[in-house]
Each structure stands twice: as structure tokens, then as C-alpha cells.
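Before any comments, here is the structure.
The values are calculated or read from the model by the stated rules, or taken from the named source; none is laboratory data. Because the structure is a prediction, the values reported are computed rather than measured. All Cβ positions, glycine included, derive from the backbone under ideal geometry; neighbour counts span all protein chains shown. These area figures cover heavy atoms from the full protein model, side chains too; ligands, DNA and RNA do not enter into them. Shrake-Rupley method; radii C 1.70, N 1.55, O 1.52, S 1.80 Å.
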Amino acid sequence: MRGFTVKLILCLLVSAPSHAADLRTRNVILVTLDGVRTQEVFSGMDPDVAARSAEQVYSEIETGRERYWAESPLERRKLLMPFFWGTLVPSGMLFGDTTNGSEMLVRNSFKFSSPGYAEMLTGEALPEVNDNVARRFPAITALEYVRTKLELPKSAVAQIGSWDIFEFLAASKDDVLVTNGGYAAFPAEFSTPEIDRLVELRRNVMQLWEESSNDTITYYIAREYLREHEPRLLWLGMSQSDDWAHADRYDRLLDYLHLTDRLLQDLWTTIEAHPLYRGRTTLIVTTDHGRGLGPVDWAEHDENIPCSEYIWLAIIGPDTPPLGTKVPAGTVYQADIAATIVALFGLSPAEFSANAGPVLPGVISGNQ
Ligand SMILES: [Zn+2]
């Protein structure tokens with residue numbers, strides 16, 4: 001009996017790093033919405049961009065105005081994203097509200113997609129990630145680090161997204177994670193009849209551009225994967241916000257954000273209904289880059305478009321205090337996301353990468 005007790009204590013000592021014992025997070029879900037500006041997140045429908053949209057032949061912005069317009073920016077953002085503002089933000093923390101003294105920026109100089117995701121997942125701006133070409137980079141990502149350090153099975157860390165490039169940015173090596181994107185078949189070993197049905201549907205739904213598939217179907221694939229395989233770390237990459245914006249369709253972009261708000265609500269409901277996720281999951285929602293200001297530049301983003309570096313991030317979970325937009329004042333960076341994910345699993349950000357940004361301030365209770 002005594003021997004058994006000693007053995008049990010030893011096992012506990014070995015299996016739990018000291019600072020992990022206080023964390024309640026078991027799972028992390030990272031949701032990225034491609035190229036969503038702070039302007040829409042914090043102020044809803046932009047009157048200047050909407051005025052130009054009204055001049056376009058095919059725009060249905062007047063319907064959007066009925067749905068999303070109010071005089072006050074605080075009202076407008078709630079009309080556009082009611083679940084995000086009504087439930088998620090009050091339950092967690094939202095960085096990037098410059099009117100509240102919080103600024104969030106990308107460190108990379110390029111201000112487009114691949115450099116942004118690489119910075120987010122490796123914790124540093126990598127100068128060699130300077131295009132959106134499908135290739136891997138040597139820097140280790142938070143996703144593969146968490147899987148390796150915790151010795152998780154392959155199914156426990158997954159990347160499911162609408163853009164076919166995401167899988168190359170998710171890990172420095174092939175086959176270390178479960179990945180699915182674009183119009184690709186789901187890896188057979190981890191698929192289900194429902195995922196196969198959704199993948200076939202996705203293949204037959206035509207999108208605006210060729211390389212990106214439908215975000216709603218991608219979301220349902222991710223939800224089915226979550227229920228079936230119960231991943232500890234999931235990156236859900238959505239991409240149609242960037243497509244509608246590059247097409248200069250502000251009316252569709254607003255409807256897209258409203259739809260995405262419903263998908264976030266469904267994701268949260270799924271989390272809350274699942275015994276392994278309820279009260280044990282940290283949800284991070286963010287973007288890879290901002291976009292320009294005003295009725296012309298809003299559609300584009302890169303190093304020549306001012307303000308493309310402004311981004312935002314929401315984090316909600318059992319270890320994060322419910323401060324809403326009252327986050328610590330100052331500037332945080334996209335490069336801080338990787339260390340935040342690593343720390344949420346009780347792992348050491350310093351051991352993960354000497355070059356990675358710090359953990360976002362205040363998001364883990366007691367950790368500044
Ligand atoms: Zn992007």
C-alpha cells in the first residue's frame with residue numbers, strides 16, 4: 001500500500017511540469033480570419049468604404065446598411081458580429097483596440113499572408129518568408145513543438161483550412177501534423193464518412209479564386225474532426241474575408257463577417273457541449289495582417305499600403321481573465337502568439353525558441 005502511494009506521487013511528479021499544474025487549459029483552438037481589419041472588428045461598417053461601395057454597379061451595400069448600420073461604432077460592431085461582442089469578448093481579452101491604448105502589430109515587413117502566418121506560428125518575423133508560394137521553412141512552429149514535447153499522437157494536433165498553403169506554414173517538416181486545405185482529400189487514416197462527404201461537397205462548390213475553398217464547409221470539417229479525434233491543438237484557417245476584400249466587394253465582406261460570427265458561435269457551443277473541451281479550452285481568434293485605410297486602400301495590403309500592420313486578437317479560456325478590451329496598455333505583436341500557445345500547454349516559451357516573442361501580457365492568470 002505504501003509502495004503504491006510512493007509510486008503514484010512519483011508518477012505525478014514526472015508527468016506534470018511545475019507551472020502546468022495551475023493551468024486549466026487542456027486544448028487550444030486557433031481560428032484565423034484572413035486579412036480582417038481592426039476597423040470592422042472595433043467599429044463595424046465603415047461609412048467611407050460603404051459610400052464607395054454604393055457607387056459600384058453590383059454592390060448590395062444598401063441591404064448591408066439595413067443590417068449593420070447604426071450611428072455609434074459600438075452599436076455597429078455588435079450588429080456586425082453579435083456573438084463575438086456579446087459573448088466572446090466579455091469572457092476573455094481582446095487586443096488591438098487603439099482607442100483603449102492597446103495596439104497589436106505584425107513585425108514582418110511584408111504585411112501579407114504567408115509572412116503573417118509564419119510569424120504567428122514560429123514567433124518571429126522570418127525574412128525568407130517573402131511570398132505566398134507553397135514551400136516549407138526550417139523554423140519550428142508552436143504546433144509541431146507542442147506535439148513533440150507532449151509526445152502526442154499525430155491526430156492530436158491538426159491544421160484544417162480553406163487555403164492550400166496553410167499546411168506548409170503549419171510545420172517545418174512533412175507529415176508531423178494532420179493537415180487539410182484547399183480542395184484536397186482528407187488524410188484517409190483520420191477521415192470519417194461525414195468528413196468525406198464534406199470534402200466532396202467542398203470540391204463541388206466554386207469559389208471566387210482558385211486556391212481557396214469554402215470557409216463554412218471547412219468549418220464543418222474541422223468540427224467533425226474535433227468531435228471524432230478530440231485534438232489538443234487545432235488551427236482552423238479561414239480565408240474568404242481576404243477574397244471578398246481583394247475583389248473590392250465590401251457588401252459581401254460584411255455579410256461574410258456576420259456569417260463567420262455565427263460559425264464562431266457554433267464552435268463555442270460545440271466546445272461547451274463537449275466534456276473534454278468545456279472549461280478546458282482556450283480559443284484564440286486573430287488575423288494574419290490588416291489592410292489599408294479608406295475607400296480605395298481598404299481592399300489591399302502590403303508593405304506599400306499604410307496601416308496593413310495593424311491586427312487584433314481575441315483570447316478566451318479558463319486561464320484568461322474576463323477583461324474584455326481592458327487589456328494591458330501598450331503594443332503587442334503577432335510574434336507573441338506562438339509563445340502564448342506554448343505557455344498555455346505548460347511548456348517553456350524560452351525552450352521553444354530563443355527568438356520568439358513573449359507570452360501576451362495578462363492572458364494567463366498570474367503570468368505577466
Ligand atoms: Zn492574408
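Filter segment 113-150 for residues that are within 12 Å of the ligand (Cβ to nearest atom), over 18 Å from Trp312 (Cβ atoms) and crowded, with 21+ Cβ neighbours inside 10 Å and give the result.
Selection gives Ser114, Ala118.
Can you name every residue in segment 327-346 that is under 20 Å from the mean Cα position of the chain (by Cα) and among the aliphatic types (A, V, I, L, M)?
Answer for segment 327-346, where residues must be under 20 Å from the mean Cα position of the chain (by Cα) and among the aliphatic types (A, V, I, L, M): Val327, Val332, Ala335, Ile337, Ala338, Ala339, Ile341, Val342, Ala343, Leu344.
Consider Thr87 against the criteria (1) within 16 Å of the ligand (Cβ to nearest atom); (2) in a helix (DSSP H, G or I); (3) among the polar types (S, T, N, Q); (4) open to solvent by 10 Å² or more (accessible area, probe 1.4 Å): it satisfies all of them except one. Which criterion is unmet?
(1)
Given the criterion of a type outside the set (Phe, Trp, Tyr), under 24 Å from Ile315 (Cβ atoms) and not in a loop (DSSP other than H, G, I, E, B), identify the matching residue among Glu62, Glu40, Glu66, Glu75.
Glu40
Give the number of residues within segment 119-135 that are among the β-branched types (Val, Ile, Thr) and in a helix (DSSP H, G or I).
Residues in segment 119-135 being among the β-branched types (Val, Ile, Thr) and in a helix (DSSP H, G or I): 1 in total.
Of all helices (runs of 4 or more DSSP H) completely enclosed by segment 229-301, which ones contain at least 1 residues that are touching a strand residue (DSSP E or B) at 6+ places or on another chain (Cβ under 9 Å) and more than 19 Å from Gln56 (Cα to Cα)?
Correct list: 240-246, 250-273.
With respect to the numbered conditions (1) within 17 Å of the chain's Cα centre (by Cα); (2) open to solvent by less than 40 Å² (accessible area, probe 1.4 Å); (3) within 14 Å of the ligand (Cβ to nearest atom), which one is the sole condition not fulfilled by Phe110?
Evaluating Phe110 over (1) within 17 Å of the chain's Cα centre (by Cα); (2) open to solvent by less than 40 Å² (accessible area, probe 1.4 Å); (3) within 14 Å of the ligand (Cβ to nearest atom) leaves (1) as the failure.
Looking at segment 320-329, which of its residues are under 20 Å from Gly357 (Cα atoms) and either touching a strand residue (DSSP E or B) at 6+ places or on another chain (Cβ under 7 Å) or open to solvent by less than 20 Å² (accessible area, probe 1.4 Å) (or both)?
If the condition is that a residue be under 20 Å from Gly357 (Cα atoms) and either touching a strand residue (DSSP E or B) at 6+ places or on another chain (Cβ under 7 Å) or open to solvent by less than 20 Å² (accessible area, probe 1.4 Å) (or both), then Thr320, Val327, Ala329 are the ones that fit.
Tell me which residues, restricted to segment 193-211, are of a type in the set (A, V, I, L, M) and either modelled with pLDDT under 95 or open to solvent by 100 Å² or more (accessible area, probe 1.4 Å) (or both).
Matches in segment 193-211: Met206, Leu208.
Of the residues Leu276, Leu236, Leu264, which single one is in contact with a Leu (Cβ under 9 Å, 6 or more places away or on another chain) and more than 16 Å from the ligand (Cβ to nearest atom)?
It is Leu264.
Checking the condition modelled with pLDDT of 95 or more, open to solvent by less than 10 Å² (accessible area, probe 1.4 Å) and more than 16 Å from the ligand (Cβ to nearest atom), which residue from Tyr220, Tyr225 passes?
Tyr225
Quick check on this structure: which one of Glu189, Glu167 is away from the ligand (no atom under 15 Å from the Cβ), open to solvent by 10 Å² or more (accessible area, probe 1.4 Å) and within 14 Å of Leu234 (Cα to Cα)?
Unique residue meeting the criteria: Glu167.
Taking only pairs six or more apart or across chains, which ones have beta-carbon atoms under 7 Å, a first residue in segment 103-118 that is farther than 17 Å from Ser172 by Cα and assigned to a loop (DSSP other than H, G, I, E, B), and a second residue that is within 15 Å of the ligand (Cβ to nearest atom) and of a type in the set (Ser, Thr, Tyr)?
Cβ pairs passing all conditions: Lys111/Ser308.
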